[in-house]
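Read the structure below first, then the notes.
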């Protein structure tokens with residue numbers, strides 16, 4: 001059974017990118033906002049994650065919809081409540097981005 005949940009894309013986008021996700025770990029090696037988006041205006045972003053041991057790079061372009069799809073999985077994998085947008089920090093944003101880009105939380 002699936003339950004549909006609505007999330008304001010502007011709030012999710014601003015909370016994820018406004019919480020300095022790239023300051024948390026050195027695995028994020030490149031981020032480029034696309035199509036006129038920025039940290040507070042949703043759009044698309046190209047993210048590159050580099051494995052510090054193997055040097056393997058993963059690059060993916062994601063949108064606010066990808067963040068929303070990643071949120072429930074990320075929430076199950078970390079010990080903080082990612083549904084509480086008022087308490088986002090770099091760890092919360094990093095977890096969502098890792099799930100959106102890598103499919104799981106691998107680092108941190």
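Quick note: the coordinates plus some simple rules give every number you see, no bench work behind them. Predicted model only: the values in this text are computed from it and were never measured. Cβ sites come from the backbone with ideal geometry, for glycine too, and all protein chains shown count toward neighbours.
To keep it simple, each residue is scored yes or no on (1) surrounded by 13 or more Cβ atoms within 10 Å (Cβ to Cβ); (2) touching a strand residue (DSSP E or B) at 6+ places or on another chain (Cβ under 9 Å).
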| site | (1), (2) |
| --- | --- |
| 13 | yes, yes |
| 26 | no, yes |
| 39 | yes, yes |
| 62 | yes, yes |
| 71 | yes, no |
| 90 | yes, no |
| 103 | no, no |
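Taking strands (runs of 3 or more DSSP E) that fall entirely within the stretch 1-79, which contain at least 1 residues that are within 18 Å of residue 91 (Cα to Cα) and in contact with a helix residue (DSSP H, G or I) (Cβ under 8 Å, 6 or more places away or on another chain)? Give the derivation first.
Numbers: elements: 28-34, 44-50, 57-63.
Ranges flagged: 28-34, 44-50.
Among what's in the stretch 82-102 and is assigned to a loop (DSSP other than H, G, I, E, B) and either touching a helix residue (DSSP H, G or I) at 6+ places or on another chain (Cβ under 7 Å) or in contact (Cβ under 8 Å) with a residue 12 or more places away in the chain (or both), pick the residue that is farthest from residue 12 (Cα to Cα).
From the stretch 82-102, those assigned to a loop (DSSP other than H, G, I, E, B) are 82-84, 88-89; that's our starting set.
Okay, now just the ones that are also either touching a helix residue (DSSP H, G or I) at 6+ places or on another chain (Cβ under 7 Å) or in contact (Cβ under 8 Å) with a residue 12 or more places away in the chain (or both), so 82-83, 88-89.
Details: 82: 10, 83: 10, 88: 10, 89: 12 Å.
Restricting to residues being assigned to a loop (DSSP other than H, G, I, E, B) and either touching a helix residue (DSSP H, G or I) at 6+ places or on another chain (Cβ under 7 Å) or in contact (Cβ under 8 Å) with a residue 12 or more places away in the chain (or both), the top hit is 89.
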